[in-house]
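To keep things clear, I will list the structure first and then write my remarks on it.
Quick note: the coordinates plus some simple rules give every number you see, no bench work behind them. Given the structure is predicted, the values throughout are model-derived calculations rather than measurements. In this analysis, Cβ positions are derived from the backbone assuming ideal geometry, glycine residues included, and neighbour counts consider all displayed protein chains.
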Amino acid sequence: QVQLVESGGGLVQPGGSLTLSCTASGSIFAINAMGWYRQAPGTERELVAQVTAGGSTNYADSLKGRFTISRGDTKNTIYLQMNSLKSEDTAVYYCNVRGYPTYDSMYFADYWGQGTQVTVSS
């Protein structure tokens, strides 16, 4: 059983900043990566940023460094710092966890949060 709790979404004006947080809890043997995805109406869910347990990061090229993912005090907590927000950043942002459910799992499992709405509008 794994649960992801997201927070930090809201309404901001273009050019503003917002920080999202996600904390995973429950039974999981090992977390390999945590990240953020987003989905706007009528579009497919897309990767925003991801950080591995070892600290490697991966960002969507289109973000051009405006977003920064970081880890909290524990490996099961991540943040997404969003700067210079644009209207096209408006979407539901989802926290993702990828890991092994048990010590002898043969496959990775993906877990998702409920999502938090980010709206950028003037």
(request) For segment 1-83, run through the chymotrypsin sites (Phe, Trp or Tyr not before Pro) and keep only the ones in DSSP coil with at most 14 other Cβ atoms within 10 Å of their Cβ. (result) Phe29
(message) Quick one: 3J(HN,Hα) in Hz for segment 94-109, Karplus 6.51/-1.76/1.60 with θ = phi - 60°, rounded, Gly and Pro as x.
(response) 10, 8, 10, 10, 10, x, 9, x, 9, 5, 10, 5, 8, 10, 6, 10
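Could you calculate the FRET efficiency of Thr74 with Ser122 from 1/(1 + (r/R0)^6), where r is the beta carbon distance between them and R0 is 25 Å, rounded to 0.05?
On the way: r = 37 Å, r/R0 = 1.49.
It comes out at approximately 0.10.
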(request) Kindly provide log₁₀ I(q)/I(0) values, in the same order as q = 0.25, 0.31, 0.32 Å⁻¹, from the Debye equation applied to equal alpha-carbon scatterers of segment 13-64. (result) -1.19, -1.27, -1.27
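Below 8 Å between Cα atoms, with a sequence gap of 6+, how large is the relative contact order for the chain in percent?
Values: 308 pairs, mean separation 43.9, N = 122.
RCO, the chain: 36 percent.
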(message) Out of all Cα-Cα pairs in segment 73-122, roughly what percent, to the nearest whole number, are more than 16 Å apart?
(response) 57
(request) From the P(r) of the chain, can you give the percent of Cα pairs sitting at distances over 22 Å? (result) 31
(message) 7 Å from Cα along Cα→Cβ at both Thr43 and Ala109: what's the point-to-point distance in nm?
(response) 3.1
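Might you report the magnitude of the Cβ-based charge dipole of the chain about its Cα centre, with Lys and Arg at +1 and Asp and Glu at -1, to the nearest 20 debye? Mind dumping the intermediate values first?
Numbers: 8 positive and 9 negative charges, 42 e Å.
Using Cβ point charges on Lys, Arg, Asp and Glu, the chain gives about 200 debye.
Counting other Cβ atoms within 10 Å of each Cβ, which trypsin sites (Lys or Arg not before Pro) in segment 59-122 have at most 13 and sit in a DSSP loop? Kindly include the intermediate steps, with their values, before the conclusion.
Working: sites: Lys64, Arg66, Arg71, Lys75, Lys86, Arg98; in loops: Lys64, Arg66, Lys75, Lys86.
In loop regions of segment 59-122 (DSSP not H, G, I, E or B), the sparsely surrounded trypsin sites (Lys or Arg not before Pro) are Lys64, Lys86.
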